[in-house]
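Heads up: the structure comes next, in structure tokens.
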Amino acid sequence: MSKLVINTKEKKAKYSSSYNVDSIYKEIASGITGVVVFILLALFPLYTRRAYFDILTARYGAYRGIVIVHLILLFILSLIYLINVNSNTDIKGGALNRLSEAIMPKNIGKYITLTDVFFVIMIIGCCISTMYAKRYSGEAFYGNAGRYQGLECWLLYFVSYIMISRTFEYKKWYLDFALICGFIVSVWGITDFFQLNIFNFFEGVQEHQKFQFASTVGNLNTFTNYTAMVFALGAGLFMVEKNTLKSIFYAVMTLGCSLGSVFGLSDNTILSYAGFFIFAPFFLIKDRRSVVRFFYVASIFFFGIFAMYVACTYTTGYNTMTSIFKTLSNIEIMRFVFIPFLFVGIFLNIFWDAKNNNSLNNGNMLSIDMPVSKYVVRLWGIFVLILIAVTVLIVLDVNVFKKHDEFWQKTTFYRELLFNDDWGTHRGHNWRIAFTNFIERFDWMRRIFGYGPDTYLIVTERSFYEEMVNRYREIYDSAHNEYINYLICEGVVGLVSYLGIFISSLVYAYKIRKENNASSILALVVISYMVQAIINIAIPITTPVFFVSMYIIVNIYLKSEERKKYIGTL
């Protein structure tokens, strides 16, 4: 009996020793990663070196440095951990045993996600694509013929993904600081709309270029792809927050980010907002409060059109570039669309608050916190499908059937509906060149693996240089559509794996939407970026924020109850 007690104590001591060592090193690792995530979400978007003159190289250099330092610190920590484990007789071999167990075929599903698989395929594809680029392998590796989205950048993304998804410990305040940073960037951008030049970033910039840049982000397209992401972040936090003061804070932050997007004058914002409003109900509509907040968020968005009307009518010295928001602000009824949404939100809020003493409460829950019927979200899904179908029919009628051509030509948005070479600031011409190369000039190897990461400029210069210069006096160094860009530069393998990486993470976020709001909110951030990417480019000024959002989704999923259930079935 005494022998049994001694053995039990020894086992407990060994287990306790192993547990303490593991927990200490996990806490240190999560602390290091936490600092890195904070820097990437809350400080990185503010970083500049020489204003707009070297913003791309400065921001990419900063991102590369952050990831490398993160890797070095975790590598040193891992070495210390292994030395400690191997020198401790009580837990000797523990780490190596766990590693060998993890890589066994029967257990690999417990540690590897579908997102991991797609990411690995992407990296392998990029490596093959870089080697096959031959004389342009250097440009493919560094991405210096484009926007530094070469193999080097993708290796940084991958390494960062592994470190953050496996060692991060999520806390809500990370998102709060990311939102505050987004608010600062957005308000700064609004002052640039009025050409106030508060921080002298336009010193030395040519006069005709001053209207093309904003805030700490640079190009307006890049500025609005960032502000749209932080709008989605703020709106998501606002929709689920129950504390009144915090709700007001999130509403103010969301309004600032929304106005930043509107005054950024880039039409890609419309796509971002469409992505948010289409998918937000599927991820976040759970109770009556979220329904009310959804109407408030819609009101915040449409208020931007009214604000644009006021700015252009009653002020001077603003950015005169055209945009969809300026066009909408010229339509009288659109200026005040925010009011009905606001009133509906207020009415529902008052109506459900009035039921707080109703017997439906059972004395345990406020009426406004009660769950809504699943049919509410289903009806929204039907509405979205109808809306998409109508949009497709209109586009087909304008471009193919042409049965109501005279009618459509009189509409405000005829130019946006007609797809030709001039569409989207010559994006139509750019995309035609891309598909001509892919279908007619690429061999099967290039179709599968692409011409080389971020070598789009080389492709267009070698194939359509004279046409680009003679027709539009332009040279396309990007497709201005991320998905077409990946198809040309990384091939079918690159495009499919890229979509797989992010769609799989969104599926994970949807699976755990009921147990974790953060994953749902970050999913909307990812969606907002992915939708606007149809007419925009990947650039390491803001794209790392998009990637980190996805990393955190996977990190949360790996620790979720849903994941534990899945592992239990293996």
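The values are calculated or read from the model by the stated rules, or taken from the named source; none is laboratory data. Keep in mind the model is a prediction, meaning the values are calculated, not measured. Heads up, the Cβs are rebuilt from the backbone with ideal geometry, glycines too, and the neighbour counts pull from every protein chain shown.
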- prompt: Taking the stated definitions as given, is THR191 of a type in the set (S, T, N, Q), part of a helix (DSSP H, G or I) and surrounded by fewer than 23 Cβ atoms within 10 Å (Cβ to Cβ)?
  reply: yes
task: Kindly indicate whether any position in the range 428-441 is aliphatic (A, V, I, L, M), on the phi < 0 side of the Ramachandran plot and at pLDDT below 95.
output: no
field: the range 511-552, residues that are over 11 Å from the mean Cα position of the chain (by Cα), β-branched (Val, Ile, Thr) and more than 17 Å from ASN485 (Cβ to Cβ)
entry: ILE512, ILE552
query: Do the conditions hold for ILE439, that is, is it closer than 30 Å to TYR148 by Cβ, assigned to a helix (DSSP H, G or I) and in contact (Cβ under 8 Å) with a residue 40 or more places away in the chain?
result: no
- prompt: Looking at the range 272-299, which of its residues are farther than 22 Å from ASP369 by Cα and among the aliphatic types (A, V, I, L, M)?
  reply: ALA274, ILE278
task: Could you tell me whether the range 200-212 includes any residue that is among the polar types (S, T, N, Q), over 30 Å from ASN319 (Cβ atoms) and out of contact with any Phe, Trp or Tyr (no Cβ under 7 Å at 6 or more places or on another chain)?
output: no
- prompt: In the range 209-250, how many are basic (Lys, Arg) and modelled with pLDDT of 95 or more?
  reply: 1
- request: Working carefully through the options THR224, THR191, THR216, find the one that is within 30 Å of LYS246 (Cβ to Cβ), without any contact (Cβ under 8 Å) to a residue 12 or more places away in the chain and of a type outside the set (D, E, K, R).
  value: THR191
query: Of the residues that make up the range 469-491, is at least one within 15 Å of the chain's Cα centre (by Cα) and of a type in the set (Val, Ile, Thr)?
result: no
- line: Looking across the range 298-327 at residues that are assigned to a helix (DSSP H, G or I) and aliphatic (A, V, I, L, M), the single one that is nearest to CYS257 (Cα to Cα) is ILE300
Yes/no for LYS374 being on the phi > 0 side of the Ramachandran plot and either of a type in the set (D, E, K, R) or without any contact (Cβ under 8 Å) to a residue 60 or more places away in the chain (or both): no
query: Name the residues in the range 378-436 that are among the polar types (S, T, N, Q) and not in a helix (DSSP H, G or I), would you?
result: THR411, THR412, ASN420
